Amino acid sequence: MENSGKFTIEAMDLENAGSVSSNIKKTLIGKNIPKHIIKRVSIAVYEAEINVVIHSYGGTCSYFIDDDKIRVVFEDTGPGIEDIEQAIQPGFSTANTQAIYYGFGAGMGLMNIKNASDIFNLTSSPKGTILDITINFN
Amino acid sequence: MYMQVLDILDKIKGEVLTKKVTNATFDGVYAGDLLSHVMAHAKENNLFLTIMANMNAIAVASLLDMPVIVFAEDTKPSSEMISKADDEKIVIISTKYNVVDVIRKIYEL
Ligand SMILES: Nc1ncnc2c1ncn2[C@@H]1O[C@H](COP(=O)(O)OP(=O)(O)O)[C@@H](O)[C@H]1O
Ligand SMILES: [Mg+2]
């Protein structure tokens, strides 16, 4: 099983959304990581993947697995988040009608990611957003 | 408390659209359509009850290890969704009842 990997995430590819999180989940199952940890990783990675799909022009996801943690970094090419504090507030969403039609846009994603992560770093500019999270295995 | 999928099928007049069902079980029901709420609150082995018939329902059920999805109010999953669910060993059921009636009938309230 791989200890690192990188995926491309296409903007507004709503039907295939979830393939990155599914892939990382399967990798962790192969490494016998405890179930409750895999659940936290799945929640965080899924929400982050969806955010790149529905809010950005597209980007990448890279992951790095150590003995005691997984680090996952999402980078996209814009348009960025204007006010990060506001974006993290539960219920705040700028999701478009198509995303909402697919069940997204509850405005809970960033808070779900923050709650699931041990380290949560979100930086953004009009050139793109970088979300860098780490989840410990113990 | 675990329940057998076969035991609720008649009660909810459910049609099984995937292959596997014979001994599928579930433990409790999570009902919802907003996927971030499902991700945050549904539990492993829950039956996932929704009207959100698109691919993301399968993705979420798979990520959270939910073994059964019931699509209420005659919402119909696509054939792609059904084959994806078969791959993930998730049972898909369609019913004409709405979410409240499905819960009533499962628990005989
Ligand atoms: N990668 C991103 N690029 C641009 N904006 C983003 C990104 N991720 C999140 N946002 C902004 O933050 C808001 C809140 O995100 P989130 O909490 O995941 O809720 P939701 O995705 O349901 O809208 C989004 O509606 C969007 O305005
Ligand atoms: Mg989101």
TODO: With a cut-off of at least 2 residues that are more than 11 Å from ligand 1 (Cβ to nearest atom), name the helices (runs of 4 or more DSSP H) lying wholly within segment A:62-138.
DONE: A:97-101, A:109-116
- [ ] Give segment A:49-61 a look and list any residue that's outside any loop (DSSP other than H, G, I, E, B) and either more than 16 Å from residue A:123 (Cβ to Cβ) or away from ligand 2 (no atom under 11 Å from the Cβ) (or both), or say none.
- [x] A:49, A:50, A:53, A:54, A:59, A:60, A:61
Open item on the list: For segment A:102-138, give me the residue count where each residue is within 18 Å of residue A:56 (Cα to Cα) and among the charged types (D, E, K, R).
Closed with: 2
Open item on the list: Quick test for you: out of B:1, B:66, pick the one residue that is more than 30 Å from residue A:114 (Cβ to Cβ) and either in contact with a helix residue (DSSP H, G or I) (Cβ under 9 Å, 6 or more places away or on another chain) or more than 14 Å from chain A (Cβ to nearest Cβ) (or both).
Closed with: B:1
Task: Single match in A:51, A:32, A:115, A:23 (criterion: more than 14 Å from chain B (Cβ to nearest Cβ) and either within 25 Å of residue B:81 (Cα to Cα) or of a type in the set (S, T, N, Q) (or both)) - done: A:32
Task: Sole exception among (1) free of Cβ contacts under 8 Å to residues at least 60 places away in the same chain; (2) assigned to a helix (DSSP H, G or I); (3) within 12 Å of ligand 2 (Cβ to nearest atom) for residue A:38, by number - done: (3)
Task: Total residues in segment B:36-52, condition assigned to a loop (DSSP other than H, G, I, E, B) and more than 8 Å from chain A (Cβ to nearest Cβ) - done: 5
Task: Residue among B:96, B:89 that alone is surrounded by fewer than 18 Cβ atoms within 10 Å (Cβ to Cβ), of a type outside the set (Asp, Glu) and under 22 Å from residue A:40 (Cα atoms) - done: B:89
TODO: List every residue pair whose Cβ atoms lie under 7 Å apart, where the two residues are 6 or more positions apart in sequence or sit on different chains, the first residue falls within segment A:77-104 and is aliphatic (A, V, I, L, M), and the second residue, located anywhere, is in a helix (DSSP H, G or I) and within 8 Å of ligand 1 (Cβ to nearest atom).
DONE: A:81/A:87; A:87/A:110; A:88/A:110; A:88/A:111; A:95/A:54; A:99/A:54
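Every number here is computed from the coordinates shown, using simple stated rules; none is lab data. The structure presented is a predicted model; accordingly, all values stated were derived computationally and were not measured. Cβ atoms come from the backbone with ideal geometry, glycine included; neighbour counts cover every protein chain shown.
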